[in-house]
Amino acid sequence: VKRGKNDAADAEALCEAMSRPTMRFVPVKTADSQAALMLAGVRDRLVRNRTQLANAIRGYAAEFGLTAAKGMSKIEPLLERIAADETLPDLARELFALHGKEYAQLQVQLEKVDAKLMAWHRANECSRRLAQIPGVGPIGASLLVMKMTAPETFQSARHFAAWLGLTPKDHSTAGKVRLGIITRAGDEALRSVLVVGATAVIRHARCGRGTVSPWLFDLLKRKPPKLAAVALANKIARIAWKMMVTGEPYRKNAATLALAHAA
């Protein structure tokens, strides 16, 4: 856009961008795709609200000397202990009961949304295929299909990984290549789901559970777990793109199977 922002300059910039041969365009989503994205967004908001409320309950309870172990499953027993503790002031117990009621409502709403999301996942053939990838569960597979309705618009799997922000930031000049941290561009929710799934795969690999590919086995020897998780998330994204474009099922590497039998 040239200097002096106005409607005429904006329209000129749009026309100029449309004429560029390398310009990238975003495909228009259908109403059904937008509704599915809304379902994922509602679930994300409910999870964030539940976490916020759980942290508030823990914080208020700790001020009265009542603590609980980590995990969402410990919140309801904590609320039961608070309700049974007669040493607490009546006002505090009343407010904790109000928090408990809100927490129970969030749990019910989240279960309903999860059921709808699982039904959508089971009804979508591509989502079911993507869930076969190690580190990709029903939530990750559903998000991949919902947020990428036209994977063929990317030239390669690396372009797809770059769109997700899982490739190194390039700051090269004068023939010197300088690669930094990942760009973190693109959709944050989808990227975080892939990284969390990769972290789970690495945790199982370090505990000796599941099948470990030779590539990941060697990577964990040379790199810290967090860096390996990002690299594995990049690889998962590339595999997912290939499966979405070709319609092929996930096939385990023969070398991975041989390594598993040898172990």
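The values are calculated or read from the model by the stated rules, or taken from the named source; none is laboratory data. Bear in mind the structure is a predicted one, so any value in this text is a computation, not a measurement. Cβ coordinates were reconstructed from backbone atoms using ideal geometry, including for glycine residues, and neighbour counts include every protein chain displayed. Just the protein is used for accessible areas: all its heavy atoms, side chains included, with ligands, DNA and RNA removed. Shrake-Rupley method; radii C 1.70, N 1.55, O 1.52, S 1.80 Å.
General remarks:
- Result for the chain in a Gaussian network model with C-alpha springs under 10 Å: among K147, K169, K74, the largest mean-square fluctuation is at K74.
- ³J(HN,Hα) computed for each position of segment 96-108 - Karplus, 6.51 cos²θ - 1.76 cosθ + 1.60, integer Hz, glycine/proline x: 5, 5, 5, 5, x, 5, 5, 5, 5, 5, 5, 4, 5
- Surface share of carbon and sulfur [accessible, 1.4 angstrom probe, percent] for the chain: 57 percent
- Under the Karplus curve 6.51 cos²θ - 1.76 cosθ + 1.60, θ = phi - 60°, whole-Hz ³J(HN,Hα) for segment 140-154, x wherever Gly or Pro sits: x, 5, 5, 5, 4, 6, 5, 8, 10, 7, 9, x, 5, 6, 8
- Among G65, G165, G175, the largest mean-square fluctuation in a Gaussian network model of the chain, built with springs joining Cα atoms closer than 10 Å, belongs to G175.
- Enclosing the Cα atoms of segment 31-123 in their convex hull gives a volume equal to 92 cubic angstrom per residue.
- For segment 165-233, the gyration tensor built on C-alpha atoms gives an oblate shape. Its axis ratio a/c (a ≥ b ≥ c) is at least 1.5, and a/b is not larger than b/c.
- Cα-projected label distance for Q132 with A115, points at 7 Å along beta-carbon direction, nm: 3.0 nm
- Solvent accessible area, Å² - S192, 1.4 Å probe, full protein context: 60 Å²
- Using only the C-alpha atoms, the convex hull of the chain corresponds to 240 Å³ per residue.
- Of the listed residues D32, D85, D218, the order by accessible area with a 1.4 Å probe, largest first, is D32, D218, D85.
- Across the chain, C-alpha contacts under 8 Å between residues 6 or more apart give a mean separation that, scaled by the residue count, equals a relative contact order of 16 percent.
- Accessible surface, 1.4 Å probe, highest first, among residues R122, R43, R191, R3: R3, R122, R43, R191
- A simple spin-label model places the labels of A69 and C15 6.8 nm from each other, with each point 7 Å out along Cα-to-Cβ.
- 222 nm mean residue ellipticity, helices alone, for the chain (DSSP H n ≥ 4; -39,500 (n - 2.57); rounded to 500): -21500 deg cm²/dmol
- Backbone phi angles across segment 19-27, fed through the Karplus curve with coefficients 6.51, -1.76 and 1.60 (θ = phi - 60°), yield HN-Hα couplings of 8, 6, x, 9, 5, 9, 10, 8, x Hz in residue order; Gly and Pro are listed as x.
- Additional length obtainable on full extension of the chain from R81 to F25, 0.36 nm per residue less Cα span: 14.6 nm
- Seen against the Cα atoms of the chain and their longest principal axis, helix 75-84 is set at about 20 degrees.
- Over segment 31-123, accessible surface divided per residue gives 65 Å², non-protein components excluded, 1.4 Å probe.
- The amide H of K169, built 1.01 Å from its N in the peptide plane, has G180, I181, I182, T183 as neighbours under 5 Å, considering only residues 5 or more places off or on other chains.
- Ranked from largest to smallest solvent-accessible area, with a 1.4 Å probe on the protein heavy atoms, W241, W215 come out as W215, W241.
- Full-stretch length increase - N6, E94 - with 0.36 nm per residue and alpha-carbon distance subtracted: 26.1 nm
- Working from Cα pairs under 8 Å separated by at least six residues, relative contact order for segment 31-123 is 37 percent.
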